[in-house]
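Down below is the structure, laid out as structure tokens.
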Amino acid sequence: MRKILTVISILCFIQAQGQPVLSVEEAIAAGLKNNYDILLAKNEAEALAIDYQYANGAFLPQLEGSAGKVWNRNNSQQDFLDGRKRKANVSSGNLTAAVNLNWTVFDGLKMFATKARLDELRGLGELNVKTQAVNSIAAIIANYYNIVRQKQQLKAIDELISINEERVKLADKKLSVGMGSKPELLQARVDLNAQKASRLLQETLIAQLKETLNQLTAMPAQAEYEVSDSIPLHLGIQYDSIRSDIEQVNPALLAAKKNIGIAELALKERKAELWPKLSLNSAYNFGRVNNASVVNPEFQPIVNMTKGLNYGVSASVPLLTGFNTRRLIKQAGLEIQYQQLSYDNQQRQMDVSINNAYKDYQYQKKALQLEEENISLAKENVFIALERFRQGVSTYLELREAQISLEDAYNRLIAARYNTKLAETELFRLKGVF
């Protein structure tokens, strides 16, 4: 049996060498670069950064140029008291141009609050990108090591198949020498076929998980690669290392806190609308009227041109706006309360999540230790049962029971390794640092 297991291991190693091995670090790097959720978050952050980039425009004067040309063609008819009549075709052209400057020099400091709010929004966009990146990394790690888990499960199935093949050979040999029974051989073959069917299902599951990983990392859908054979574990994580400074590290909590600051700045903007607004105004105007034909040239000029510069100061005071500004101020104050409550709630949820995740992490470590012991016992039990069956001192039922025990032990061990990795990953995700 040991020779068979050695041959199977060599064949699996040779098969793995035919494809490149994708490490979890490479998968994470590809995900951070190409993951669609992260790219969408980055796109939103860039839009907010552009808004802040042009925030200084609120402090600059507004300059506007305008120009227009109008052509008039009219038929004129005049009747006088002495009976005379006059008809004429009147054509004229009107050219106007102006440059207007408006500079708001005081608006209750609203422009400063707006600039600060846009800066906070830019920071919020960056934190949203970090939050999405942390969640995507956790998803990639979970999916990657799920593939590793299923690969380990596949190797366990191969080992069980080798035991079943040995059992079929022994049952066939015992039947040929008159020491066995036909049902015993048939059952051995049924169990062997069941294991082979499980192997096919396992291969399909691995292929499906790779497709999911390809989607998370935005790799080609038909990308061919292998993953590592083991699941590295961090078994020394301490509760204090996760809980300490969580408010200064976790991007989701930082984003919730920044929302409070944004709401406070929005309140300042609303309050600024109660103050007077002072502006500097200036304009340069040009106008030219050209009458190609006039009805009465004695009183109507052929060309009339005006141009000049004007400037001044204007002030506006909001006296009555239907109490709309007061309404907006109250709503802005309630928004601050809402964001503060949201942050407190999220902070409490974070504490509960960390406590539960750490308890699960401790449990999974203990369960893993027990399953590591159980697998050694189950392997030894199968080896003894197989030797006893070979010598004819036990029935196939005893061997079958040992096989089932080994299969269950493998399932629990591989699941314990993976669940420990998930618990570890969840702690790092809650911390916001990998």
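In straight Cα distance, which aspartates and glutamates are under 14 Å from Lys169, not counting same-chain residues fewer than 8 positions off?
Output for Lys169: Glu184, Asp191, Glu387.
For the chain, how big is the tail of P(r) above 43 Å, as a whole percent of Cα pairs?
51
Quick one: compute a quarter of the convex hull surface over the Cα atoms of segment 296-359 and quote it in nm².
That works out to 12.6 nm², a quarter of the Cα hull's surface.
Can you list the HN-Hα couplings for segment 409-424, worked out from phi with the Karplus curve (6.51, -1.76, 1.60; θ = phi - 60°), rounded to whole Hz and with x for Gly and Pro?
5, 5, 4, 5, 5, 5, 5, 5, 4, 5, 5, 5, 5, 5, 5, 5
I'd like the projected area of segment 282-434, averaged over all directions, using the convex hull of its alpha carbons. Report it in nm² with one decimal.
On the way: hull surface 109.4 nm².
Seen from a random direction, the Cα hull of segment 282-434 projects 27.4 nm² on average.
Under 10 Å, Cα contacts only: if you run a Gaussian network model on the chain, which one of Glu159, Glu126, Glu401 comes out with the highest mean-square fluctuation?
Residue with maximal mean-square fluctuation among Glu159, Glu126, Glu401: Glu401.
Would you mind calculating the gained length between Val21 and Leu39 on full extension (0.36 nm times residue separation, minus the Cα-Cα distance), in nm to one decimal?
Using 0.36 nm per residue and subtracting the Cα-Cα distance, I get 3.9 nm.
If I model a spin label at Thr96 and Leu309 as a point 7 Å from the Cα along the Cα→Cβ vector, what separation in nanometres do I get?
The two pseudo-label positions are separated by 2.3 nm.
To test your reading of the geometry: what angle, between 0 and 90 degrees and rounded to tens, separates the Cα axis of helix 324-391 from the longest principal axis of the chain?
Long axis of 324-391 versus the principal axis of the chain: about 20 degrees.
How far apart, in nanometres, would the label points at Asn411 and Glu46 be if each is projected 7 angstrom from Cα along the Cα-to-Cβ direction?
Here the answer is 4.9 nm between the modelled labels.
Which value, in debye to the nearest 20, describes the size of the charge dipole of the chain about its Cα centre when Lys and Arg Cβ atoms bear +1, Asp and Glu Cβ atoms bear -1, and nothing else is charged?
Result for the chain is approximately 1500 debye, rounded to the nearest 20.
Which one of Gln53, Ile28, Phe106 has its Cα pushed farthest toward the positive end of the charge dipole of segment 18-110, where Lys and Arg give +1 and Asp and Glu give -1 at the Cβ?
Among Gln53, Ile28, Phe106, the one farthest towards the positive end of the dipole of segment 18-110 is Phe106.
Among all the lysines, which ones have a C-alpha under 25 Å from Lys330's C-alpha, if same-chain residues fewer than 8 places away are not counted?
Lys110, Lys115, Lys257, Lys258, Lys268, Lys271, Lys277
Sorted from largest down, give the three principal axis spans of the alpha carbons of segment 122-211, whole angstrom values.
83, 15, 13
May I ask you to derive the FRET efficiency for Asn345 and Ile246 from their Cβ-Cβ distance with R0 = 22 Å, giving the value to the nearest 0.05?
0.90
Report, by chain and number, residues whose modeled amide H sits under 5 Å from the one on Phe106, excluding near sequence neighbours (fewer than 5 apart, same chain).
Leu278
Mind checking which aspartates and glutamates have their C-alpha under 19 Å from Lys359, skipping anything on the same chain fewer than 8 residues away?
Asp240, Asp351, Glu371, Glu424, Glu426
Specify the angular offset, from 0 to 90 degrees and rounded to the nearest 10, of the alpha carbon long axis of helix 182-217 from the longest principal axis of the alpha carbons in the chain.
20
Net charge within 12 Å of Thr425 by Cβ-Cβ distance, Lys/Arg positive one each and Asp/Glu negative one each, not counting Thr425 itself?
Residues close to Thr425 contribute a combined charge of 0.
How large is ³J(HN,Hα) for each residue in segment 42-49, as worked out from phi by the Karplus curve 6.51 cos²θ - 1.76 cosθ + 1.60 (θ = phi - 60°), to whole Hz, x for Gly and Pro?
Karplus-based 3J(HN,Hα) across segment 42-49 equals 5, 4, 5, 5, 5, 5, 5, 5 Hz.
In a GNM of the chain with a 10 Å cut-off on Cα contacts, which of Ser176, Ser92, Ser244 has the highest mean-square fluctuation?
Between Ser176, Ser92, Ser244, it is Ser92 that shows the largest mean-square fluctuation.
Please compute the Cα-Cα pair-distance distribution of segment 190-243 with 10 Å bins starting at 0, giving whole percents from short to long.
Pair shares across the bins are 18, 28, 26, 22, 6, 1.
Can you give the helix-only mean residue ellipticity at 222 nm for the chain, where every DSSP H stretch with n ≥ 4 adds -39500 (n - 2.57) and the sum goes over all residues, rounded to the nearest 500 deg cm²/dmol?
-23500 deg cm²/dmol
What is the calculated FRET efficiency for Val393 to Lys196, with r their C-beta to C-beta distance and R₀ = 30 Å, to the nearest 0.05?
Using R0 = 30 Å, I get an efficiency of 0.55.
Coordinate-derived values only; no laboratory data. In this text, all values refer to a predicted model and were calculated from it rather than measured experimentally. When we count neighbours, we look across all protein chains shown, and the Cβ atoms used for this are built from the backbone with ideal geometry, even at glycine.
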